[in-house]
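Take a look at the structure set out below.
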Amino acid sequence: MLTTPRLLLRPVEPDDVPAHRRLWTDPEVRRHLGGPVPAETVRARERGCVGAPGLLTIVREEDGTVLGSVLVEPGARAGRTEVSYQLLPEHWGHGYAREALAAVAGGAAEGEELVAVTQAANSRSRRLLEALGAVPVERFVEWGQPQVLYRFP
């Protein structure tokens with residue numbers, strides 16, 4: 001569990017599942033993530049997301065609103081820890097993703113290489129990662145789209 005001045009990042013609880021379902025199925029959230037997740041996959045994720053290792057719900061402290069999620073996957077990228085994030089569209093533009101990612105990056109173990117991947121076309125995500133000091137270190141095609149891998153300092 002991580003905290004920031006405005007946020008709590010904690011393991012997924014049963015009441016969070018509807019918000020996570022929206023993250024997996026909302027066309028705007030999924031625009032740079034290959035589109036909405038198929039229904040069968042959503043059902044499987046719903047069954048397995050509560051308490052799943054590394055999957056954190058981003059909660060606004062003041063009112064308990066679920067804003068999105070962060071996934072931290074040790075060893076996911078050639079031994080490097082990958083962080084990924086999604087926020088529900090109504091919470092975009094308020095600095096929540098930046099605050100959540102800064103907390104995750106600040107909580108990384110010494111010597112742990114933390115990376116994030118985003119589509120080259122996702123300019124908002126790229127600006128966010130760069131604002132946090134992450135630098136592009138690899139470019140490749142994955143899921144049929146150009147991607148950029150960023151490394152956190």
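The values are calculated or read from the model by the stated rules, or taken from the named source; none is laboratory data. Every value quoted in this text rests on a predicted model; they were computed, and no experiment measured them. So basically every Cβ, Gly included, is an ideal-geometry build from the backbone, and we count neighbours across all protein chains shown. All accessible areas refer to the heavy atoms of the entire protein, side chains included, with ligands and DNA or RNA removed. Shrake-Rupley method; radii C 1.70, N 1.55, O 1.52, S 1.80 Å.
Per-residue surface analysis assigns residue 15 an accessible area of about 140 Å², computed on protein heavy atoms at 1.4 Å probe radius.
Distance distribution P(r), the range 29-109, all Cα-Cα pairs, bin width 5 angstrom from 0: 3, 12, 20, 25, 22, 13, 4, 0 percent. Using a/c under 1.5 as the rounded threshold, could you call the range 93-153 rounded, prolate or oblate? The axes a ≥ b ≥ c are square roots of the C-alpha gyration tensor eigenvalues, and prolate needs a/b larger than b/c, oblate otherwise. Cα axes put the range 93-153 in the oblate bin. Ranking 128, 20, 58 by how far each Cα lies toward the positive end of the dipole of the chain (charges on Cβ) leaves 128 at the top. Rolling a 1.4 Å probe across the protein heavy atoms gives the range 48-104 an accessible surface of 42 Å² per residue. The Cα-based radius of gyration and maximum Cα-Cα distance (Dmax) for the range 1-69 are 12.3, 37 Å.
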